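Have a look at the structure below before the remarks.
Nothing in this text is a laboratory measurement; each read-out follows from the coordinates by a stated rule. All values derive from a computational prediction rather than experimental measurement. Counting neighbours? That spans all protein chains shown, and the Cβs are built from the backbone with ideal geometry, glycine included.
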Amino acid sequence: MGCCASNPGGGSKASRVKRWRSTGIIGLRDSKLKTFPDVVIDMERAVRTLDLTHNKISDVPGEISKLINMQRLLIADNLIERLPGNLGKLQSLKVLMLDGNRISCLPDELGQLIRLEQLSISRNMLIYLPDTIGSLRNLVLLNVSNNRLKSLPESLGSCASLEDVQANDNVVEELPESLCNLMQLKSLCLDDNQVKQIPDGLLRDCKSLQNLSLHNNPISMDEFQLMEGYEEFEERRKKKFDKQIDSNVMISSKGLDVGDQRFCHW
């Protein structure tokens, strides 16, 4: 570990630490850090949000487990290759952003983060997800795009609150049948993979599904349209799309084109 960068945000070190303690928010984004700052670990229970985005940190110390009240950990765009098992002791954590690192696997202890709502770990080197991810019953968003995943774990179907799964740009060939259990799932994005078919009951059982994106996969459109629940899915998709237009979300013609592509399943 090491000390924080000199004068991030201005003021003396003592005044910064005092401010951090009073707010619980530590912002060290773009601070040219190469090591995890000691001063953060020393604050222990006072830390609520920690933003270390866009630095050159290569290691997350096991002592991070002392930050037991931390709810948001933003450590994207660094040089991290692994995460400590002690990360699982952060029982208050709701948001974990790890995009743009060099992580090839996640610790099994990830499943201990029972309050986690958002997990984003795109642009890494993941080759698999731990089965313990199924213990994350409060997880709403999972972003694992731009990795090396060949599959998604069967246990993912136990993440009962999951609404948004982003797994674009991997090498996923098969999808677990358990995805059909995700009653809250609204969006499933799998562009640029190797998916040849989706679980038979996905469109029928995932009654909240509005967006299914499968661009650049070897799946047959004809086969997709014959699946049970396809017509109901199409109705939900169109309703969502029409609602966005009515809300003037898409104003320009360019915006309309982007929206149309996004909500089409091909």
Open item on the list: Charges on Cβ only, +1 for Lys and Arg, -1 for Asp and Glu, centred on the Cα centroid of region 13-228; of G24, L126, Q194, which one is farthest towards the dipole's positive end?
Closed with: G24
Task: DSSP-assigned coil residues among GluC sites (Glu not before Pro) in region 190-236, each with at most 15 further Cβ atoms within 10 Å - done: E228
Open item on the list: I'd like to know which of A76, S12, L139 lies farthest towards the positive end of the charge dipole of the chain, counting +1 on Cβ of Lys and Arg and -1 on Cβ of Asp and Glu.
Closed with: S12
Task: Cα-based reach from K243 at 20 Å (exclusive), listing aspartates and glutamates while leaving out same-chain residues under 8 positions away - done: E163, D164, E231, E232, E234, E235, D257, D260
Open item on the list: Which one, L96, L152, S65, projects farthest toward the positive side of the charge dipole computed for region 13-228 from Cβ point charges (K/R +1, D/E -1)?
Closed with: S65
Task: Cα-centred dipole magnitude for region 1-111, charges only on beta-carbon of K, R (+1) and D, E (-1), debye, nearest 20 - done: 500
Task: Cα-centre dipole for the chain with unit charges at Cβ (Lys and Arg positive, Asp and Glu negative), debye to 20 - done: 1740
TODO: Please go through the residue pairs K94/K240; K94/K239; K18/K94; K207/K240; K32/K89 and name each one whose alpha carbons sit more than 19 Å apart in this structure.
DONE: K94/K240; K94/K239; K18/K94; K32/K89
Task: Long-range HN-HN contacts of L139 with modeled amide H, under 5 Å - done: S161
Task: Label-to-label distance, nm, for residues given as K18 and R45 (7 Å Cα→Cβ offset) - done: 2.3
Open item on the list: At R0 = 30 Å, how high is the FRET efficiency between Q91 and E177 if r is their beta carbon distance? Nearest 0.05 is fine.
Closed with: 0.45
- [ ] Would you kindly derive the ³J(HN,Hα) couplings of region 195-206 from the backbone phi angles with the Karplus curve 6.51 cos²θ - 1.76 cosθ + 1.60 (θ = phi - 60°), listing them in order in whole Hz, with x for Gly and Pro?
- [x] 6, 9, 7, 10, x, 3, x, 4, 5, 6, 8, 7
Open item on the list: Could you check the spin-label model distance between E234 and D59? Points 7 Å from the Cα along Cα→Cβ, value in nm.
Closed with: 5.8
